[in-house]
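Notes for the one structure printed next.
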């Protein structure tokens, strides 16, 4: 796989390291430069060497790490094209019509805050032109910024997982096998070149698939809203939704007793079971450790699912479920507000293997013959001045 050859001055620009220092590092074999020929790979490694020097590592430390293959990452640099030349915020503002302050705000959301990157690239300019077109088409700025933030957070997580998994299952085994640095870089580069083309088409496929699904869900939601309901009572940016939290009781103690690996296997099985059994209209918002947050427009179907779901777990640590209906603020792909907090308090009061719901959910499932309600009375929940009426839901006997 051929590496892009660049000049010493271009290597200095890309790495942010003076040319004289680059020449010295090349002579001392801190960075992989053959016969004085600088490449994108060498510039990338020099950039990271500079970062490591700032963190206090000596050149001997870095030279040793290079021999062991621990710095053999820069092979990936040649997989990404980079346009020549530098671009400024002012140039992009003139080109797109966006205010410089808005450009800097978008760049900060995208992970390029002012002062943190030595220069902007033509690729940055192209991305901001796309942003300008979306805003010109009429999407409100408040919605646009949230959408960009969701894109950035999601893609950051995807890229982080790609690199971490590659490191754990490819790079680390090569280091342990003592593969020479250049051979290691070539082997990883060939594999990365085969894997990278999968990312874009798979991402596009998944985006289109889920976009179609959620458009259908939105239409169904409008059709199933109560006739005559005054939607003006719900503030802009809020949605009325069923909020559900599921977690594993006694998980901390289980981890201490059984160890991290066994506990992780339990969590993975737990989350996978949630994903594979949820009703079609329900959505996982996020997972945090052993806790899963789910939302749905249909309280009754979600409660039926919860009862059936808990029946799948007979051994510790057993799940428990808390469900509540209310108005929540939707922002950046997540849900916020007092009603979300209330749903979370409800699950904290549930026992192992128990579905605990509020009175609003109890009303929604009234008449469902397959479900039985057991009132437990008014319960004080932390952070809420008035007691909340709670019910345990079980399969009807």
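The values are calculated or read from the model by the stated rules, or taken from the named source; none is laboratory data. Because the structure is predicted, anything quoted here is derived from the model rather than measured. Note that we place each Cβ from the backbone using ideal geometry, even for glycine, and neighbour counts take in every protein chain shown.
Numerical summary
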item	result
Filter result for the condition that a residue is at pLDDT below 85, more than 27 Å from residue 333 (Cβ to Cβ) and not in a helix (DSSP H, G or I), over 189, 111, 115	115
Hits in the stretch 196-215 (condition: modelled with pLDDT under 75 and surrounded by 12 or more Cβ atoms within 10 Å (Cβ to Cβ))	196
Cβ-Cβ under 7 Å pairs, at least 6 apart or on other chains, the stretch 22-39 side closer than 12 Å to residue 60 by Cα, far side in a loop (DSSP other than H, G, I, E, B)	25/31
Qualifying residue in the stretch 229-238 (condition: surrounded by 11 or more Cβ atoms within 10 Å (Cβ to Cβ) and at pLDDT 80 or above)	yes
Unique residue being touching a residue at least 60 places away in the same chain (Cβ under 8 Å) and either in contact with a helix residue (DSSP H, G or I) (Cβ under 8 Å, 6 or more places away or on another chain) or over 26 Å from residue 210 (Cβ atoms) (or both) when the list is 300, 282	300
Any chance residue 62 is in contact with a helix residue (DSSP H, G or I) (Cβ under 8 Å, 6 or more places away or on another chain), assigned to a loop (DSSP other than H, G, I, E, B), at pLDDT 65 or above and farther than 19 Å from residue 163 by Cβ	no
Unique match (being assigned to a helix (DSSP H, G or I) and modelled with pLDDT of 90 or more) among 245, 270	270
Test: residue in the stretch 293-303 that is at pLDDT below 90, under 21 Å from the mean Cα position of the chain (by Cα) and farther than 19 Å from residue 356 by Cβ	no
Search result, residues across the stretch 361-397 that are crowded, with 16+ Cβ neighbours inside 10 Å and either in a helix (DSSP H, G or I) or within 30 Å of the chain's Cα centre (by Cα) (or both)	361, 362, 364
Which numbered condition residue 30 misses (of (1) under 31 Å from the mean Cα position of the chain (by Cα); (2) closer than 24 Å to residue 190 by Cα)	(1)
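To keep it simple, each residue is scored yes or no on (1) closer than 22 Å to residue 211 by Cβ; (2) surrounded by 14 or more Cβ atoms within 10 Å (Cβ to Cβ); (3) in contact with a strand residue (DSSP E or B) (Cβ under 9 Å, 6 or more places away or on another chain); (4) touching a residue at least 60 places away in the same chain (Cβ under 8 Å).
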| residue | (1), (2), (3), (4) |
| --- | --- |
| 275 | yes, no, yes, no |
| 286 | yes, no, yes, no |
| 296 | yes, yes, yes, no |
| 305 | no, yes, yes, no |
